[in-house]
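This report refers to the structure that appears directly beneath it.
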Amino acid sequence: QVQLVESGGGLVQAGGSLRLSCAASGRTFSSYALGWLRQAPGKEREFVARINWNSGIPYYGDSVKGRFTISRDNAKNMVYLQRNSLKPEDTAVYYCAAERRWKWTTWSQGLEYWGQGTQVTVSS
């Protein structure tokens, strides 16, 4: 059974930093990319970042480029999202997800595995 468990959410002031973690288990992810999406109240879900499990190549959504960094630790089966220069508009529930690399381009149609999400609130 695949599990993705997020941690590291919470309350942070604007301009601050916070790192999210995702613990992945239950299968090998060699052909997968793991990533993060977020959903703010009243808004559609948004792609944040993903990273190819084998190569480590990252991809970012336009709204977070230059501020967020995704990384992974294959030995620990962990994915991280380091978020700097946080803004109130970064407030959202952040979800960890996993899908085969080539299917991420159509992520809005659904991803294979999801975590439960972790709330991040950025105060102004």
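The values are calculated or read from the model by the stated rules, or taken from the named source; none is laboratory data. Computed from a prediction, not measured in an experiment: that's the story for all the values here. When we count neighbours, we look across all protein chains shown, and the Cβ atoms used for this are built from the backbone with ideal geometry, even at glycine. Protein only, heavy atoms only, side chains kept; ligands, DNA and RNA dropped before computing areas. Shrake-Rupley method; radii C 1.70, N 1.55, O 1.52, S 1.80 Å.
Observations, loosely collected:
- Solvent-accessible area, 1.4 Å probe, carbon plus sulfur percent, for the chain: 45 percent
- Neighbourhood net charge (9 Å Cβ-Cβ; Lys/Arg +1, Asp/Glu -1) for E99: +3
- For K103, the lysines whose Cα falls under 26 Å of its own Cα, not counting residues fewer than eight places away in the same chain, are K43, K65, K76.
- The chain: antiparallel DSSP beta bridges as a percent of all, rounded to 5: 90 percent
- Charge tally in the Cβ shell below 11 Å around F47, where Lys, Arg are +1 and Asp, Glu are -1, F47 excluded: 0
- Cα centroid separation, the range 1-43 to the range 45-97: 7 Å.
- Taking the Cα centre of the range 1-115 as origin and assigning +1 to Lys and Arg Cβ atoms and -1 to Asp and Glu Cβ atoms, the resulting dipole is close to 200 debye.
- Relative contact order computed over the chain (Cα-Cα under 8 Å; 6+ residues apart), in percent: 35 percent
- Per residue accessible area of the chain, 1.4 Å probe, in Å²: 51 Å²
- Assigned charges on the beta-carbon of Lys, Arg, Asp, Glu; the range 22-86 dipole about Cα centre (debye): 80 debye
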